[in-house]
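Below is one structure; the comments refer to it alone.
The values are calculated or read from the model by the stated rules, or taken from the named source; none is laboratory data. In this text, all values refer to a predicted model and were calculated from it rather than measured experimentally. Cβ atoms come from the backbone with ideal geometry, glycine included; neighbour counts cover every protein chain shown.
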Amino acid sequence: MIQKIEINGIHTEVTDDLKKYVLKKIGKMDQYMPLHARESAHAEVKLKEQKIKTRVECTAEVILHLPHDTITVKETTINMFAAVDVVEAKLKNQIIKYKETHGTKRLHQRIMNKFKRDPAQASE
């Protein structure tokens, strides 16, 4: 669970249900991060509601501060909960890309070492 999540409402009231939903969805994103980034990661969630003529647009923006990078994801829909869902999916993909570039290669090395033949075993 991401330890520090700031939730701000712009032109909208952040209800308890919405706050719990955001904490549940965005808080679990740490499972996709590299281990070294989990401790220092913190997120800013901005929820904005605009009324344009007869319709309402809800925008969810997540700014995730990680070591060496900052990931920003933004989505607008007609429902705030739907916007949070789409932002979660986009953020997951961005974190996976971050992990590929900034993650450690140890796991890959360990797997490859298992497949390499040990010279002592080869002579037997």
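Determine whether the range 67-75 contains at least one residue that is assigned to a strand (DSSP E or B), hydroxyl-bearing (S, T, Y) and either crowded, with 16+ Cβ neighbours inside 10 Å or in contact with a His (Cβ under 9 Å, 6 or more places away or on another chain) (or both). Scanning the range 67-75 turns up no residue that is assigned to a strand (DSSP E or B), hydroxyl-bearing (S, T, Y) and either crowded, with 16+ Cβ neighbours inside 10 Å or in contact with a His (Cβ under 9 Å, 6 or more places away or on another chain) (or both). Cβ-Cβ contacts under 7 Å between residues 6 or more apart (or on different chains), taken from a first residue in the range 16-32 that is under 13 Å from D85 (Cα atoms) to a second residue that is in a helix (DSSP H, G or I) and among the aromatic types (F, W, Y), are listed as Y21/F81. Evaluation of S40 against the conditions (1) of a type in the set (S, T, Y); (2) under 18 Å from T76 (Cβ atoms); (3) at pLDDT below 95 shows that the sole unmet condition is (2). Please verify whether K25 is under 11 Å from the mean Cα position of the chain (by Cα) and either at pLDDT 95 or above or within 17 Å of Q94 (Cβ to Cβ) (or both), treating the condition exactly as stated. Yes: the conditions hold for K25.
For the range 1-56, a tally of residues being surrounded by 14 or more Cβ atoms within 10 Å (Cβ to Cβ) and acidic (D, E) returns 3. Residues that are within 16 Å of the chain's Cα centre (by Cα), modelled with pLDDT under 95, farther than 22 Å from T15 by Cα and assigned to a strand (DSSP E or B): does the range 43-65 have at least one? No, the range 43-65 contains no residue that is within 16 Å of the chain's Cα centre (by Cα), modelled with pLDDT under 95, farther than 22 Å from T15 by Cα and assigned to a strand (DSSP E or B).
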